[in-house]
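Just below is one structure, and these are the notes that go with it.
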Amino acid sequence: MTKTLDRRDFLRVSGIAGGGLLIGTTLQFRARDAQASELPTDADFAPNAFIKIAADGKITIIAKNPEVGQGVKTSMPQLIAEELDVAWDSLIIEQADSDPAKYGPQVAGGSTATPTNWEPLRRAGAVGRALMISAAAQTWNVPEAECATMGDATVQHRPTQRSLRYAELAAKAATLTAPDAATVRMKAASEYRIIGKPIPGVDNPKIVRGQPLFGIDVTVPGMLHAQYVKAPVFGARVASANLDEIKRMRGVRDAFVIEGGTQLAGLLPGVAIVADSYWNSRVARNALKVTWAEHPTAQQSSAAFRTKATEFLATEPQRTLFAMGDAPAALQGASVVQAEYEYPFLAHASLEPMNCTAHFVDGKLEVWAPTQNPQSGRALCANTLGIDQANITIHMVRGGGGFGRRLNNDYMVEAAAIAKQVAVPVKLVWTREDDIKHDFYRPAGYHKLRGAVDAQGKLVAWDNHFVSFGEGNGFAPAAGIGGSEFPAGFVPNFRLATSTMPLGVPTGFLRAPTSNAIAFVYQSFIDELAHAAKKDPVEFRREMLAQFAPPPPPTGNGPRPVFMDAARMRGVLDLVAEMSGWGTKPLPRGTGMGVAFHFSHRGYFAEVVQATVARNGTLTVDKVWVAGDVGSVIINPSGALNQVRGSVLDGISEALAQEITIEAGATKQSNFNDFPLLRMRGVPPVEVQFKISDVPPTGMGEPALPPVIPALTNAIFAATGKRIRSLPLNKHDLRWS
């Protein structure tokens, strides 16, 4: 995202009870590229309130975006606090409710928080600082130029050393006309005291002490507890259920069928059980007997998808997504490297299962939800319940992990529908089995790649037939691919073509959507091409980056392809090679190093993995080196390291053993025993360095994940000579002799 300012942009200032100050701003935001437009946004940043300065000296900064562990409840207030020029330890950080008319876009996804808010939130803080200076200057009857803030919520008159606290100036400032947000002076980077400093998460003390904080902790007076049981086959309706028996069970207040609709409509058919405690609701659920109606998705399976994909890959693609030169012709008669890759469906597996608390009364709905996309949830609930969006209040509660799962608000609309039926507050908590079996999965995918290198070892042709899910010219959610994905623009003859098949399984965005799968395929195949060219994998990639030749701009009104900056990628590739000592140290047999890079969500990351494979096939990830370029400043180095290391460990976890298998239209896996997460004993050291570049900072929740998977599989090849072309790794025999 980026923003533009014009004369309509302004700051609003008003008083609050007791002589305090409330500062709000209007700024406009527009989508900058395709990755930003993947997620819904509000076009305008309407009047809002980010800063509250009370007469008693308390300063509150509002955290506008949902917090699901990515650290924005800390990093976004840092932007305001820096320009407001206050001491961080003195602040109160308060989570906003969902109110796009007040706060603008409120979404956690696409690594959009930093690029969207980098300038607007700093401007809000800078206006607050300017107002304090104006109020002090008028109080002392001196020129503003003689006054300056001191970093501790005070303004000083430099010639006389007089000072006033912000609290003493708040009432005066509330009567002033705010300066133009577009021209207010903001600090130079050399003046930063808060931005760029490692700051612990504002919720850390509560998390460590186990205090109520997450959606699963919400309690409201008179609350009942609900279970919602859906068919194993996605979308199947209820044919019959032993509701009368369930209603007679201890503590059960009600049990009823919800007809629901399609997955896209958000509320699937199911049976609701409402009880006076969570335990009683679970006991009743265990006694529930449901007969489900037949549904066409029951004919689908992972095995059938693979068979159909194999048939597609043996024929010409249905359509071409992007082409440069003539890849099919360039491959004729050349020395061709060919490989087929595939990857499975994946679940999000957030540690906190989906949950929501809802209360419907007098035609109005109040919701407490750990959602990544509250505005989408508001629209979904309004449409389902038949009420106006203005009659819905959403309290954004911290989520125990999201990774894209909480962009879909099915759990919210389920709680809302149940609450409307029983007319009392209802807390819905999914079981872990619900969470695994009723996800919006990362789609599986299948690729047939052909590439050719010339006599000098230069890559001259690349052709990819990508088989995915969708109908007509549309892809299922998160099942598509960008035409300008590297190496588009870096190969003289390039084609990306696709064939699609229908899907009844729900899909959605998983951390680093699309990129988490494409990087594995593309960077693994690049490694194959490097070995075919008899070149070092790092050097081969350097040579590829040196031959960027973008196509002419497209005609018409279609979106322009976004190509990565070769110089920035070369910078992180060189840095990670230096960090890891690439090619400079002898490794024992069975130990290898692999490299990969990827551009996604505006971030440039290159990674090296060292892995050891014992003769019996036991795999150990020894170490991971990460070099990243996300712009001119790292807002919170502490949070940034958490995000990068978390992304790397997520990627390793996905690669090792994670797979969702569809059988007879239903998910086979059900819990962490058959969809395992990485355990502490398997966590390798992760060394991280950032390369600073002269562009505005961008987000970091996702772009560090994609390269680690191919870097790991390339390391396995270096260690064993075995090329990994499908995931997960636990399905491969890695033994060597």
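Using 10 Å bins from zero, what percent of all Cα-Cα pairs in the stretch 354-429 falls into each bin?
The distribution over the stretch 354-429 is 23, 59, 17, 1, given as percents.
Need the list of aspartates and glutamates near Lys58 for cross-linking: C-alpha distance under 18 angstrom, and skip anything on the same chain fewer than eight residues off.
Once the sequence-local aspartates and glutamates are set aside, what remains near Lys58 is Glu82, Glu83, Asp85, Asp89, Glu94, Asp152, Glu168.
Report the gain in length on full extension from Ala145 to Gln299: 0.36 nm times residue separation, minus Cα-Cα distance, nm rounded to one decimal.
48.0 nm
Of the listed peptides 622-629, 221-228, what is their order by residue-averaged count of other C-beta atoms within 10 Å, with the highest listed first?
Per-residue mean Cβ counts within 10 Å order the peptides as 622-629, 221-228.
List the residues whose amide H sits under 5 Å from the amide H of Leu321, counting only those 5 or more places along or on another chain, with H placed 1.01 Å from N in the peptide plane.
Those lying under 5 Å, H to H, from Leu321 are Leu496, Ala497, Thr498.
Answer with one residue from Ser281, Gln523, Pro550: the one whose Cα lies farthest towards the positive end of the charge dipole of the chain, charges on Cβ with Lys, Arg +1 and Asp, Glu -1.
Ser281
Mind grabbing the base-10 log of I(q)/I(0) for the stretch 223-299 at q = 0.14 Å⁻¹? Debye formula, identical points on the C-alpha positions, no solvent, two decimal places.
Cα-only, vacuum Debye calculation for the stretch 223-299: -0.44.
Quick one: which of Lys535/Lys722; Lys448/Lys623; Lys64/Lys172; Lys73/Lys691; Lys102/Lys420 span more than 23 angstrom between C-alpha atoms?
Too far apart for the 23 Å limit: Lys448/Lys623; Lys64/Lys172; Lys73/Lys691; Lys102/Lys420.
Counting Lys and Arg as +1 and Asp and Glu as -1, each charge on the Cβ, what is the dipole of the stretch 305-431 about the Cα centre in debye, to the nearest 20? It would help to have the intermediate numbers written out before the result.
On the way: 10 positive and 11 negative charges, 81 e Å.
Here the stretch 305-431 has a charge dipole of around 380 debye.
In the stretch 595-614, which residues have a backbone nitrogen under 17 Å from the label point lying 7 Å from Asp733's Cα in the Cα-to-Cβ direction?
614
Between Thr661 and Ile692, what's the calculated FRET efficiency when r is the beta-carbon distance and R0 is 41 Å? Round to 0.05.
That pair, Thr661 with Ile692, gives E of 0.40.
What dipole magnitude, in Debye to the nearest 20, does the stretch 533-594 give about its Cα centre under +1 on Lys/Arg Cβ and -1 on Asp/Glu Cβ?
So the dipole magnitude of the stretch 533-594 works out to roughly 160 debye.
Seen from all sides and averaged, what is the projected area of the convex hull of the Cα atoms in the chain, in nm²?
Mean orientational projected area (the chain, Cα hull): 34.8 nm².
Towards the positive end of the charge dipole of the chain, with charges on Cβ (+1 Lys, Arg; -1 Asp, Glu), say which of Ala478, Val290, Pro120 has the farthest Cα.
It is Val290.
For the chain, what does the relative contact order come out to in percent, with C-alpha contacts under 8 Å and a separation of six or more?
Numbers: 1745 pairs, mean separation 99.2, N = 737.
Relative CO of the chain lands at 13 percent.
Can you give the translational diffusion coefficient of the stretch 483-556 in µm²/s, computed by Stokes-Einstein from the Kirkwood radius over Cα pairs at 20 °C and 1.002 mPa s?
For the chosen part, D equals 144 µm²/s.
If you plug each phi of the stretch 504-513 into the Karplus form 6.51 cos²θ - 1.76 cosθ + 1.60 with θ = phi - 60°, what whole-Hz ³J(HN,Hα) values come out, in order, with x for Gly and Pro?
x, 7, x, 10, x, 7, 10, 2, 6, x
Considering the stretch 677-737, what Rg and Dmax in Å follow from its alpha-carbon atoms?
15.7, 51
What dipole magnitude, in Debye to the nearest 20, does the stretch 223-299 give about its Cα centre under +1 on Lys/Arg Cβ and -1 on Asp/Glu Cβ?
For the stretch 223-299, the charge dipole is close to 220 debye.
Between the alpha-carbon centers of the stretch 297-346 and the stretch 386-428, tell me the distance in whole angstrom.
If we compute the Cα centre of each part, the gap is 40 Å.
Less than 15 Å Cβ to Cβ from Pro425, Lys/Arg counted +1 and Asp/Glu -1: what total charge do the surrounding residues give? Walk me through the intermediate numbers first.
On the way: positive: Arg253, Lys364, Lys420, Lys427; negative: Asp217, Asp254, Asp276, Asp362, Glu366, Glu414.
Summing Lys and Arg as +1 and Asp and Glu as -1 gives -2.
Could you tell me how far the Cα centroid of the stretch 615-665 sits from the Cα centroid of the stretch 214-261, in Å?
Here the two parts' Cα centres lie 37 Å apart.
Fewest first, what order do Phe672, Phe214, Phe599 take by the number of other Cβ atoms within 10 Å? Each step should come with its number before you reach the end.
Values: Phe672 12, Phe214 20, Phe599 26.
Neighbour counts put them in this order, fewest first: Phe672, Phe214, Phe599.
Just from its helices, what would the mean residue ellipticity at 222 nm be for the chain, if runs of 4 or more DSSP H residues each count -39500 (n - 2.57) and the sum is divided by every residue, rounded to the nearest 500 deg cm²/dmol? Could the numbers behind the result be given before it?
On the way: 17 runs with 198 residues, N = 737.
It lands at -8500 deg cm²/dmol.
Can you give me the long-range amide H partners of Phe469? Hydrogens built in the peptide plane at 1.01 Å from N, cutoff under 5 Å, separation of 5 or more residues or another chain.
Ala476, Met501
Since every read-out is calculated from the coordinates, none of them should be taken as a lab result. No experiment lies behind these values; they were computed from the predicted model shown. Every residue, glycine as well, gets a Cβ built from its backbone with ideal geometry; the counts of neighbours run over all protein chains shown.
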